[in-house]
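Structure first, commentary second.
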Amino acid sequence: MTTTITITGAGGQIGYALLFRIAAGDMLGPDEKVRLRLLEIPQGLGAAEGAALELQDGAFGLLEHVEVTDDPAVGFEGCDLALLVGARPRGPGMERADLLAANAGIFGPQGAAIAANAASGVRVTVVGNPANTNALIAAASADGVPSERFTALTRLDENRARAQLAQVLGARVGSVQRVPIWGNHSATQFPDVSHATVDGRPVSEALAAIVGDVPEWLENTFIPRVAKRGAEIIEVRGSSSVASAASATIDHVRDWVRGTEDWTSAGVVSRGEYGVPEGLISSFPVRSVAGEWQIVEGLELSEWARARVDASVAELVEEREAVRALGML
Ligand code: NAD
Ligand code: LMR
């Protein structure tokens with residue numbers, strides 16, 4: 001089988017980190033051929049064309065075809081997977097929401113172009129920031145495409161949270177499970193360890209032996225570290241995360257298409273689960289079953305956790321109001 005994958009912003013940093021891993025089969029596995037559509041704006045075409053030449057030189061056995069274009073109708077033609085990366089990244093001192101006005105205008109037209117041109121079962125993953133609200137805008141503009149097909153990347157946040165826990169616990173990151181991210185891909189996000197396990201044992205027990213006061217450590221060390229990791233990367237490397245973001249995108253799409261054994265995190269459309277207003281694209285604990293994300297329901301949220309979820313969801317509501325005021329919804 002062959003999957004057609006459109007990558008917007010393919011001439012940018014994350015695009016460059018994504019393309020070669022997709023072509024190598026890291027996302028869809030060693031048996032699935034891929035056809036790549038690299039969608040850019042005119043200023044980015046040269047970089048995307050250069051990447052296409054290098055893809056050719058990689059002699060990837062799974063890569064059937066690469067096309068570079070700045071025409072969304074061509075870029076999304078027949079696409080099964082759309083990775084919406086193309087957008088401006090933030091710089092030092094900015095919050096992701098500061099990108100709303102700069103980037104929101106990209107996602108309405110792309111949603112419409114997806115509706116008009118993509119394959120009927122298209123799955124869309126928004127990486128460009130602010131990812132949740134950009135996904136909301138794209139979904140709202142894609143007449144006839146179910147909103148469930150539009151998702152926002154919060155897997156990077158989950159990967160960061162699991163890695164931080166593993167480091168403190170002196171454990172392998174693969175042994176740390178069930179650390180969902182709730183809410184927005186922003187500093188208000190809530191990385192939730194209340195159901196987390198390390199080698200099958202509750203993380204809270206293991207943490208108590210190491211950090212002592214677990215609630216204090218979560219509040220003042222762990223959550224800020226994870227929620228502000230994007231800013232830390234910008235400060236240390238001088239520009240926003242790239243390879244880790246590409247890797248998380250691969251994880252997200254692979255799990256969506258091929259299924260999960262346990263929970264993970266994704267920004268998906270709310271149907272009112274956990275009191276999150278219907279229609280928002282919020283991060284939840286999710287499983288992927290038969291190619292669909294399902295929100296893990298019935299989890300207990302403590303009063304403290306509830307307040308954290310509510311604060312991040314309130315920010316998503318504010319962002320929705322802001323793009324409505326800009327006339328983009
Ligand atoms: P970059 O500036 O290196 O690349 C962006 C590319 O997008 C450029 O080549 C640009 O020409 C292209 N582009 C701009 N508008 C476009 C449009 N309308 N159609 C197609 N292409 C377009 O930036 P980057 O480092 O690759 O980051 C891309 C986005 O991803 C940023 O918004 C960044 O904040 C975001 N990001 C999100 C996460 C996440 O976890 N959700 C993580 C890291 C970065
Ligand atoms: C990240 O989390 O690294 C990205 O969203 C980039 C940013 O602006 O933080």
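The values are calculated or read from the model by the stated rules, or taken from the named source; none is laboratory data. Since the structure is predicted, the reported quantities are computational estimates derived from the model, not experimental observations. Ideal geometry is used to build each Cβ from the backbone, glycine not excepted, and the neighbour counts take in all protein chains shown.
Counting only residues that are of a type in the set (A, V, I, L, M) and in contact with a Gly (Cβ under 9 Å, 6 or more places away or on another chain), region 84-106 holds 5 of them.
The residues listed here are G93, G111, G78; of these, the one that is more than 20 Å from the chain's Cα centre (by Cα), closer than 24 Å to L156 by Cα and more than 9 Å from ligand 1 (Cβ to nearest atom) is G93. Residue pairs whose Cβ atoms lie under 6 Å apart, sitting 6 or more positions apart in sequence or on different chains, and linking a residue in region 229-251 that is in the same structural domain as L165 (by TED's automatic domain parsing) to a partner that is of a type in the set (D, E) and away from ligand 1 (no atom under 11 Å from the Cβ), are I250/D26.
Take the conditions part of a strand (DSSP E or B) and either over 22 Å from S239 (Cα atoms) or away from ligand 2 (no atom under 16 Å from the Cβ) (or both) and apply them to V74. Does it pass? Against the criterion (part of a strand (DSSP E or B) and either over 22 Å from S239 (Cα atoms) or away from ligand 2 (no atom under 16 Å from the Cβ) (or both)), V74 does not qualify.
The sole residue among A51, A24 that is surrounded by fewer than 19 Cβ atoms within 10 Å (Cβ to Cβ), under 22 Å from S241 (Cβ atoms) and at pLDDT 95 or above is A24.
None of R155, R160, R149 is closer than 30 Å to A73 by Cα, among the basic types (K, R) and within 14 Å of ligand 1 (Cβ to nearest atom) except R155. Of all residues in region 1-15, which are surrounded by fewer than 24 Cβ atoms within 10 Å (Cβ to Cβ) and over 17 Å from the mean Cα position of the chain (by Cα)? The answer is M1, T2, T3, T4. For region 234-248, taking the residues that are near ligand 2 (Cβ under 10 Å from one of its atoms) and under 17 Å from the mean Cα position of the chain (by Cα), the one that is farthest from L19 (Cα to Cα) is identified as S240.
Among residues of region 281-295 that are at positive phi, those with a Cβ under 8 angstrom from a residue that is among the aliphatic types (A, V, I, L, M), sequence gap 6+ or separate chain, pair up as G291/V257. Taken over region 15-54, the criterion of being of a type in the set (V, I, T) and over 18 Å from R254 (Cα atoms) is satisfied by I41 alone. Restricting attention to region 249-269, and to residues there that are hydroxyl-bearing (S, T, Y) and over 12 Å from R160 (Cβ atoms), which single residue is nearest to ligand 1 (Cβ to nearest atom)? Among residues in region 249-269 that are hydroxyl-bearing (S, T, Y) and over 12 Å from R160 (Cβ atoms), the one nearest to ligand 1 (Cβ to nearest atom) is T249. Looking at region 162-205, which of its residues are in a helix (DSSP H, G or I) and at pLDDT 95 or above? Residues satisfying the conditions are R162, A163, Q164, L165, A166, Q167, V168, L169, V173, G174, S175, V203.
Tell me which residues, restricted to region 171-182, are in contact (Cβ under 8 Å) with a residue 40 or more places away in the chain and either on the phi > 0 side of the Ramachandran plot or surrounded by fewer than 17 Cβ atoms within 10 Å (Cβ to Cβ) (or both). The one that is in contact (Cβ under 8 Å) with a residue 40 or more places away in the chain and either on the phi > 0 side of the Ramachandran plot or surrounded by fewer than 17 Cβ atoms within 10 Å (Cβ to Cβ) (or both): R178. Which one of P130, P146, P92 is on the phi < 0 side of the Ramachandran plot and either without any contact (Cβ under 8 Å) to a residue 60 or more places away in the chain or more than 16 Å from ligand 2 (Cβ to nearest atom) (or both)? Exactly one of P130, P146, P92 is on the phi < 0 side of the Ramachandran plot and either without any contact (Cβ under 8 Å) to a residue 60 or more places away in the chain or more than 16 Å from ligand 2 (Cβ to nearest atom) (or both), namely P146.
Residues in region 218-248 that are more than 8 Å from ligand 1 (Cβ to nearest atom) and either over 17 Å from R90 (Cβ atoms) or part of a helix (DSSP H, G or I) (or both): 21 in all. The single residue among S282, S288, S265 that is closer than 18 Å to F107 by Cβ, under 16 Å from the mean Cα position of the chain (by Cα) and among the polar types (S, T, N, Q) turns out to be S282.
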